[in-house]
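Asker: One structure follows; several queries about it will come next.
The values are calculated or read from the model by the stated rules, or taken from the named source; none is laboratory data. Since the structure is predicted, the reported quantities are computational estimates derived from the model, not experimental observations. Heads up, the Cβs are rebuilt from the backbone with ideal geometry, glycines too, and the neighbour counts pull from every protein chain shown.
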Amino acid sequence: MSALRVAILFLLLPLALAWAAAEDPTDASPFYDWDSAGQIAVQAGGRIKPLDSFASELVKSVCGKSRFRNEHPVETYFQWMSDGERWVDEPLLYLPKGALRERLGLQSANGNHFSFSVLQAKSELRDLVAEAQALQESGAKLTFTHSKALDLVTRMQTLSDVFAHATPSFVPRTGGDAAWLAMPALLTALEDTTAERPSETEHALALGFMAM
């Protein structure tokens, strides 16, 4: 378990217990509902959207399908975000057979999926990106392979940002001009014992992490 995940659990445990204690004990629903977590507002790419939309787009972009291991996309996002060091070596990124895969010399025992670390180590991918950038600067049209290389690198960058807790940003504690917060900054805010009673959004985050 990563240091960030341990910190999340300890910081959010009191909130989770407080909210759980207030719930109807006769409620037979599961301890946590990822659909509810998906309603949390986040900011990504300059747009505000529900976490469910961000997570669904993330999983589809990275894995090439709507679900990873049949998990709810929001659960998958929390898994990837909270323990990036583990997932960097897992075959997550979709890259089907074709010209780009041949150019990179990739063969996989995991079908059409490759790990971030394997793709990042490919000098051929860096060469393709450099060639694509040179073509763009000259005004020339990109080849299909160059376009696919740029798309792959864009998907890798998004996944890297999730691993690094850089995206998405979460709704501020207060209104007005308050800044949107990446996960580490949100945890710092929650650690402030002088703050007001946590919002429903923060309660939802607490239960989400406790359920993992």
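Asker: Restricting attention to region 125-137, report how many residues are of a type in the set (Asp, Glu) and loosely packed, with under 15 Cβ neighbours inside 10 Å.
Answerer: 2
Asker: If you don't mind, there's one more thing I want to ask. How many residues, within region 45-83, are at pLDDT 90 or above and either among the small types (Gly, Ala, Ser) or at positive phi (or both)?
Answerer: 8
Asker: Within the group LEU190, LEU186, which residue is touching an Asp or Glu at 6+ places or on another chain (Cβ under 7 Å), of a type in the set (A, V, I, L, M, F, W, C) and modelled with pLDDT under 95?
Answerer: Selected residue: LEU190, the only one of LEU190, LEU186 that is touching an Asp or Glu at 6+ places or on another chain (Cβ under 7 Å), of a type in the set (A, V, I, L, M, F, W, C) and modelled with pLDDT under 95.
Residues are listed down the side, and each one gets a yes or a no for (1) hydrophobic (A, V, I, L, M, F, W, C); (2) in contact with a strand residue (DSSP E or B) (Cβ under 6 Å, 6 or more places away or on another chain):
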site: ARG69; (1), (2): no, no
site: PRO73; (1), (2): no, no
site: PHE78; (1), (2): yes, no
site: PRO91; (1), (2): no, yes
site: GLY111; (1), (2): no, no
site: ALA121; (1), (2): yes, no
site: ALA132; (1), (2): yes, no
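Asker: Quick check on my filter: what residues within region 119-145 are without any contact (Cβ under 8 Å) to a residue 24 or more places away in the chain, aliphatic (A, V, I, L, M), part of a helix (DSSP H, G or I) and closer than 15 Å to MET156 by Cβ?
Answerer: Hit for region 119-145 is ALA132, nothing else.
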